[in-house]
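> Following this message is one structure expressed as structure tokens.
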Amino acid sequence: MLTDAERYLFDLQGYLLIEDVLKPDELADLNRVLDEYDLWNEPSGQDGFFDFWRNGDCQIAAGPLHRFARPFRNIVGHARIVPYLADLLGNQFRYDHGQAMLMRTGGGPFHLHGGAVPWEPGMRFQVAGGQFHCELLVVQYALCDVGAEDGGLCVVPGSHKSNFACPESFAAFEKTGPWLKHIPQQAGSVVIFTEALAHGTLPWTADHERRALFYRYTPGHMAFVGRYREDGCEMADGGYPQPAHSAEGDWSRQERRILEAPYIWKRADTIGQE
Ligand SMILES: O=C(O)CCC(=O)C(=O)O
């Protein structure tokens, strides 16, 4: 459950910063595995990292996180985050897709996208009867410190309720001003934001590498990415994230429910049962 203050802020801004979510050992494990993966030298499109994207030489995103090693799978249903997911997406929320993003000095920018206009099915933000009804929701874990001048995630607070489109010059960062907010983070903190919020990436200027994880969730009846394999390869089960996609097969029961394919009829709650 969000506190009253968090509820107010998420509704007002379209995002929330939550400090100290990852414990030092969780953070160390995630960073250690990323070191081992050596994603900068990973040829795109290999089976393990089929969800691979490059923006120039200094920014890459690789997924899917639910097929990464255990430290990444552990946080698909992180105990600190699950209550937020239930409150913002409903008790039947599901994991939709996720990537790790790495940036080196000089990486980015990536233009502002999202925003409530034009209206995009799958990205809605709505409150009805005092209850949030988000669609695609992003949980971004910082695996490194992000200082005020470092770059990285930026948002236009409140733009999830815009009635007019974001001007092109704003989206391209040709014109910036007080409407644009960069979000400094400490390693281990989380930013939760609705994809309806206009957001993007400011150029990474820090000497250290940016490391961020993006876990994206939807209500239980909705899929955003559809067939998960963006490389065009077919999967017999439709390609949604599934517990079976992890070779180790050691998901908890709650994690299995989080990884259930999207549907609505007689769907069990994701939380509150064992
Ligand atoms: O954190 C960032 O750099 C922006 C991420 C982003 O654009 C997204 O999640 O759609």
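None of the figures in this text is laboratory data; all of them are computed from the coordinates on show. Not measured: the values here are computed from a predicted model. FYI the Cβ positions are ideal-geometry reconstructions off the backbone, even for glycines, and counts take in every protein chain you see.
> Of GLU42, GLU195, how do they rank once you tally other Cβ atoms within 10 Å and put the fewest first?
GLU42, GLU195
> Which one of LEU202, LEU22, LEU12 has the biggest mean-square fluctuation once the chain is modelled by GNM with Cα springs under 10 Å?
Result: LEU12 has the largest fluctuation of those listed.
> Further question: Would the range 1-116 count as rounded, prolate or oblate if I go by the C-alpha gyration tensor, calling it rounded below 1.5 in a/c and otherwise prolate when a/b exceeds b/c, oblate otherwise?
Since a/c reaches 1.5 and a/b is larger than b/c, the shape of the range 1-116 is classed as prolate.
> Find the relative contact order for the range 4-258 and round it to a whole percent, using C-alpha pairs within less than 8 Å whose residues are 6+ positions apart.
28 percent
> Between TYR240 and residues 5 or more places away or on another chain, which pairs have amide H atoms under 5 Å apart, with H built 1.01 Å from N, and which residues are they?
Here TYR228 satisfy the definition.
> For the range 82-95, take each phi angle, set θ = phi - 60°, evaluate the Karplus expression 6.51 cos²θ - 1.76 cosθ + 1.60, and give the result in whole Hz per residue in order, putting x for glycine and proline.
3, x, 5, 4, 5, 6, 8, 10, x, 5, 9, 4, 9, 7
> Starting from the eigenvalues of the Cα gyration tensor, five times each then square-rooted, give me the equivalent ellipsoid semi-axes of the range 4-258, largest first, whole Å.
With the √(5λ) rule applied to the range 4-258, the semi-axes are 26, 23, 18 Å.
> Sticking with this one: Along the charge dipole of the chain, pointing to its positive end and built from +1/-1 on Cβ of Lys, Arg, Asp and Glu, which listed residue (PHE72, TYR240, PHE132) has its Cα farthest out?
Checked the options; the winner is PHE132.
> With only Lys, Arg, Asp and Glu charged, each at its Cβ (+1 for the first two, -1 for the last two), find how big the charge dipole of the chain is about the Cα centre; round to the nearest 20 debye.
The calculated dipole for the chain is roughly 700 debye.
> Quick one, can you get me the convex hull of the C-alpha atoms of the range 146-214 expressed as volume per residue in Å³?
Once divided by residue count, the hull of the range 146-214 is 95 Å³.
> Quick one: give the max-minus-min coordinate of the C-alpha atoms of the range 76-155 along each principal axis, largest first, in Å.
That works out to 44, 34, 23 Å along the principal axes.
> Out of ALA142, ALA212, ALA171, any idea which swings most in a Gaussian network model of the chain, alpha carbons joined below 10 Å?
ALA171
> Treat every Asp and Glu Cβ in the range 48-112 as -1 and every Lys and Arg Cβ as +1, leave all other atoms uncharged, and give the resulting dipole magnitude about the Cα centre to the nearest 20 debye.
Computed charge dipole of the range 48-112: roughly 220 debye.
> Could you go through the range 150-155 in sequence order and give the Karplus-derived ³J(HN,Hα) for each residue, using 6.51 cos²θ - 1.76 cosθ + 1.60 with θ = phi - 60°, rounded to whole Hz, and x for Gly and Pro?
These are the phi-based 3J(HN,Hα) values: 7, x, x, 4, 9, 9 Hz.
> Ok, one more. Work out from phi, with θ = phi - 60° and the Karplus expression 6.51 cos²θ - 1.76 cosθ + 1.60, the ³J(HN,Hα) of each residue of the range 13-25, listed in order in whole Hz, and give x for Gly and Pro.
Values, residue by residue: 9, x, 8, 9, 9, 10, 7, 6, 7, 8, 6, x, 6 Hz.
> Would you be so kind as to identify which of GLY114, ALA172, ASN91 lies farthest towards the positive end of the dipole of the chain, taking Lys and Arg as +1 and Asp and Glu as -1 on Cβ and the Cα centre as origin?
Toward the positive end, the furthest listed residue is ASN91.
> Looking at the square roots a ≥ b ≥ c of the eigenvalues of the Cα gyration tensor of the range 83-127, which shape do they give, rounded for a/c under 1.5, prolate if a/b is larger than b/c, or oblate?
The shape class here is oblate.
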